Amino acid sequence: MQNFQGVGVSPGRVIGPVRQMPKPVSEPPSGEQLSSGTTAEEATAELKQAASAVHDELKARAERASGDGKAVLEATALMAKDTMLLKGAAKLIAKGTSNQRAVWESAASVAEMLHNLGGYMAERATDVLDVRSRIVAQLRGQAAPGIPASSTPFVLVAEDLAPADTATLDPGLVLALVTSGGGPQSHTAIIARSLGLPAVVAARGVDDLPDGAEVYVDGAAGAVVVEPGETERAAAVAWTETASLLADFDGQGTTADGHLVPLLANVGGAKDAVAAAGLGAEGIGLFRTEFCFLERDSEPSVDEQADAYLGVFAAFPGKKVVLRTLDAGADKPLPFLTDATEPNPALGVRGYRTDLTSPGVLKRQLEAIALAEQQSEADVWVMAPMISTADEAADFSSMCAEAGLKTPGVMVEVPSAALTADTILSEVSFASLGTNDLTQYAMAADRQLGPLAALNTPWQPAVLRLVRLSVEGAAAEGNSKPVGVCGEAAADPALAVVLVGLGVSTLSMTARSLAAVAAVLKTVTLDQAQELAQLALAARTADEARSRVREKLPVLEELGL
Ligand code: PEP
Ligand code: MG
């Protein structure tokens with residue numbers, strides 16, 4: 001059988017059987033009628049049986065799960081017994097509609113009704129639609145959609161993962177993630193790193209791997225080997241030893257010669273922040289506030305926001321917490337801020353730009369941040385996403401001042417911001433490089449698309465030059481402002497060294513990557529990091545930059561990173 005090569009996005013070497021993520025359930029044809037010879041009573045009974053099987057299956061999974069996953073599964077299980085859903089379907093069946101089509105349409109009406117009720121009820125609309133797919137799959141005798149249920153560990157193979165899939169992904173059962181789609185900065189990659197799971201993305205062809213096939217996954221090299229031999233088995237055993245070596249981070253990022261590089265964490269809410277503090281993060285370098293409100297269709301109140309922010313600040317008393325204002329749009333739509341019908345959402349009204357179309361939301365968010373700051377001991381810095389011009393930076397800075405927030409900053413993630421970092425930085429106190437978006441915009445390559453993964457890497461010399469320009473702009477006459485990195489590039493230990501060599505002052509990443517980055521950073525002096533940065537900048541291609549730098553960092557191979 002053939003082996004597969006993708007892009008390694010989260011290190012680790014493991015062996016396990018494949019479980020394919022089932023394909024999404026297709027919509028039953030509109031107008032589909034009961035098949036001849038089937039009575040409405042029989043079709044209704046069959047539907048009830050399917051719904052009840054779905055309920056029991058979800059309930060059983062909820063009992064085995066914990067935390068968020070348990071709550072999601074319990075809520076979805078209840079929906080499978082919803083009387084409005086089943087009665088609505090029975091009425092349609094009585095009029096001659098097939099049971100698959102009937103439950104499809106009935107669920108759509110229930111979801112719409114819940115959606116119109118707003119608030120908590122609106123959030124349940126997704127559960128109804130999920131349950132409908134499960135019931136239709138059950139009626140068809142297909143595998144249920146979503147993460148497969150299993151009592152034994154497996155390597156999850158999928159086209160790509162949606163953020164919602166993570167709630168039910170049990171890191172105790174999933175050994176590794178392999179996707180045929182997705183790029184190095186896709187959701188799957190971010191999720192895998194935050195869970196500490198080895199992962200390979202953009203591995204074309206893996207969709208054809210049969211369930212049960214044994215594979216070896218090397219999440220650093222991007223390799224998937226079918227029917228692993230002795231070499232792979234030995235590598236997997238060696239990794240378990242390395243993994244325990246990498247479990248600890250002593251809380252101080254430094255080069256071999258003592259140049260301090262604070263290592264910070266990227267978080268989406270209080271739970272992540274508490275975990276990050278436990279893993280030794282020196283502070284928070286990116287608090288993605290939109291993650292607190294992803295399912296909301298109305299703007300959260302100032303008090304509700306302040307509570308959510310305070311939860312994060314409280315985990316880091318006396319430490320730096322960089323909060324990013326809502327970055328809605330593209331792959332993170334927020335119904336109260338973004339327009340789902342835009343033709344090019346990544347180039348649309350997203351991030352800071354939503355202040356143009358929904359004035360007031362940003363002002364109220366800044367008020368909420370100030371309120372939370374007053375009640376906490378954290379050193380709060382606030383930055384705006386998707387800043388493209390010096391005027392935007394100046395306006396954001398004045399809004400922060402009005403709200404009483406003292407340390408305003410910007411994300412540099414649009415090439416125009418990197419190119420004009422000198423003027424932009426003269427308006428604010430700091431910048432943080434969002435290398436995920438900076439790469440997708442510099443290369444004009446959607447960060448979510450697997451086929452563009454080779455373009456979409458921050459190792460691209462063009463991206464590295466934009467990083468250098470940003471650092472130079474920030475250090476220009478009269479500026480002297482710090483520039484950190486909070487994109488996924490900071491979590492790649494080899495690239496982290498290059499970024500430090502380019503003059504970046506802090507690195508922020510998923511907390512799980514802190515130990516690996518710290519371990520590699522402390523093997524080089526600042527001079528060596530600068531030499532490696534020059535080597536990467538001078539490369540002709542991304543691959544060349546990566547392999548030249550990796551060659552000079554033998555510690556990576558020793559640690560399996
Ligand atoms: C980035 O673009 O690099 C970034 C950190 O922001 P996000 O991934 O949330 O777009
Ligand atoms: Mg971004």
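The values are calculated or read from the model by the stated rules, or taken from the named source; none is laboratory data. Everything numeric here is computed off the predicted structure, so don't read it as measured data. We place every Cβ from the backbone using ideal geometry, glycine too, and count neighbours over all the protein chains shown. Only protein heavy atoms, including side chains, enter the accessible area calculation; ligands, DNA and RNA are left aside. Shrake-Rupley method; radii C 1.70, N 1.55, O 1.52, S 1.80 Å.
Numbers for the structure displayed
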{"read-out": "Dipole moment magnitude, nearest 20 debye, the chain about Cα centre, only Lys, Arg, Asp, Glu C-beta charged", "value": "500"}
{"read-out": "Shape call, the range 40-140: gyration tensor on alpha carbons, a/c limit 1.5", "value": "oblate"}
{"read-out": "ALA394/GLU544 FRET efficiency (R0 56 Å; Cβ-Cβ; nearest 0.05)", "value": "0.90"}
{"read-out": "Theoretical ellipticity at 222 nm over the chain - DSSP helices of four or more residues, -39500 (n - 2.57) apiece, nearest 500", "value": "-13500 deg cm²/dmol"}
{"read-out": "FRET efficiency for ASP207 and LEU78, using Cβ-Cβ distance with R0 set to 35 Å, rounded to 0.05", "value": "0.60"}
{"read-out": "Only Lys, Arg (+1) and Asp, Glu (-1) charged, at Cβ; the range 315-419 dipole about Cα centre in debye", "value": "200"}
{"read-out": "Approximate spin-label separation VAL226-GLU42, in nm, with each point projected 7 Å along Cα-to-Cβ", "value": "4.1"}
{"read-out": "Per residue solvent-accessible surface (Å²) - the range 129-245, probe of 1.4 Å", "value": "37"}
{"read-out": "Additional length obtainable on full extension of the chain from VAL237 to ASP331, 0.36 nm per residue less Cα span", "value": "30.1 nm"}
{"read-out": "Nearest 10 degrees, 0 to 90: helix 461-475 Cα axis against the chain principal axis", "value": "50"}
{"read-out": "The range 40-140 - percent of accessible surface contributed by carbon and sulfur, probe 1.4 Å", "value": "54"}
{"read-out": "Charge dipole (the range 40-140, unit charges on Cβ, about Cα centre) - positive-most of VAL72, GLN138, THR97", "value": "THR97"}
{"read-out": "LEU117 versus GLN2: modelled label distance in nm, points set 7 Å from Cα along the beta carbon direction", "value": "5.0"}
{"read-out": "Calculated FRET efficiency for the pair SER35/SER150, C-beta based, R₀ 30 Å, to 0.05", "value": "0.35"}
{"read-out": "The range 250-332: chymotrypsin sites (Phe, Trp or Tyr not before Pro) in DSSP loop, at most 16 other beta carbons within 10 Å", "value": "none"}
{"read-out": "DSSP-assigned coil residues among trypsin sites (Lys or Arg not before Pro) in the range 67-161, each with at most 13 further Cβ atoms within 10 Å", "value": "LYS95"}
{"read-out": "Lysine pair count for the range 40-140 [Cα-Cα under 26 Å; pairs on different chains or 8 or more apart]", "value": "13"}
{"read-out": "C-alpha long axis of helix 83-94 to longest principal axis of the chain, angle in °", "value": "50"}
{"read-out": "Crossing angle, helix 99-117 versus the chain [Cα axis fit, 0-90 degrees, rounded to tens]", "value": "50"}
{"read-out": "Nitroxide proxy distance, nm - points 7 Å out along Cα→Cβ at GLU159 and GLU402", "value": "4.5"}
